[in-house]
Structures are given as C-alpha cells and as structure tokens.
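Down below is the structure, laid out as structure tokens.
The values are calculated or read from the model by the stated rules, or taken from the named source; none is laboratory data. Here the structure is a predicted model, which is why all the values come from computation and not from measurement. Here Cβ is always computed from backbone atoms with ideal geometry, including for glycine, and neighbour counts include all displayed protein chains.
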C-alpha cells in the first residue's frame, strides 16, 4: 500500500478570502438588521401615538367643560403613551382644536432611534364630532318622529 499525500482543495491564491469577505459584508448585514429593527420601532411608536391621539380625542369630545380640554387631552394621551411604550416616544406634545361641532387633536413626537443621527418625527391626527345633548322636541316621545313628519327612511 502506498501512502497518499493530501491534495489541496484550494489554490494557494485564494487563501484567506473568507475572512476578507466577512469583513466586507458584516457591516452591510448589520446595517440591514439595524434598519429592520428601526422600521419596527418606528411602526410601533406610530401605533402608540395613534392610540394616544384617539384616546385624547375621545376625552375632548366627551368633556363637560370645554375650558380644560387641553390639559384633559394631554393627561389622557400622555397616560396612554406611558402605559403602552414609555421609552418608545420622546417629547410627545398634544394640540387641541375645537369648532362648534368637531374636535381635533394633533400629537407629535419622536420615535426612539437605534441608528445614531436618525431623527424620526411622528404626527398623528384624530377628528370627531363633539358630543352634545339635544333635548326632545315637545309633543314627541323618545324615538318617534314629530306629528306630520315621515318616519326614518322616508317610508310610511
């Protein structure tokens, strides 16, 4: 039996090419991973602000005293932000705009960033009708139309 000498599977000119490829591709792969995580954080922060602005809008629309709606909206919205993601949104600010029939709440904030130098601003808006009490018309019962008026849907 003759002893075989091991043959080289690679040519000598390609030795060390794997570490070089890893050094070149690792930063690109890490950047892609960071971008995916940053996109997920931005999306979640956006959902938190949307939920907070809807809560603040519900508070404003059902408020009994319109003089304190700014503080009530901010308190309700900030409570929602802090319960869902306390460190996810930084510097949330609430602005309330009222007309005679609608209430609009606008909230802006910044999503947390894991990529240095990247500042992502989020803005969410919610608008809805102000809840108002309308007394019954005399001569009608609850749920019925006044005398001489057609019932709902226009069919008698």
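Structure notes:
- Some residue of the stretch 130-148 being exposed (fewer than 15 other Cβ atoms within 10 Å of the Cβ) and at pLDDT 90 or above: no
- Number of residues in the stretch 119-142 that are within 30 Å of residue 33 (Cβ to Cβ) and in contact with a helix residue (DSSP H, G or I) (Cβ under 7 Å, 6 or more places away or on another chain): the value is 3.
- Only one of 37, 60, 48, 53 that is in contact with a helix residue (DSSP H, G or I) (Cβ under 6 Å, 6 or more places away or on another chain) and either modelled with pLDDT of 95 or more or within 23 Å of residue 111 (Cβ to Cβ) (or both): 48
- Test: residue in the stretch 64-76 that is under 22 Å from residue 100 (Cβ atoms), modelled with pLDDT of 90 or more and surrounded by 14 or more Cβ atoms within 10 Å (Cβ to Cβ): no
- Matching residues in the stretch 72-130 - criterion: being in a helix (DSSP H, G or I) and over 12 Å from residue 55 (Cα atoms): 82, 83, 84
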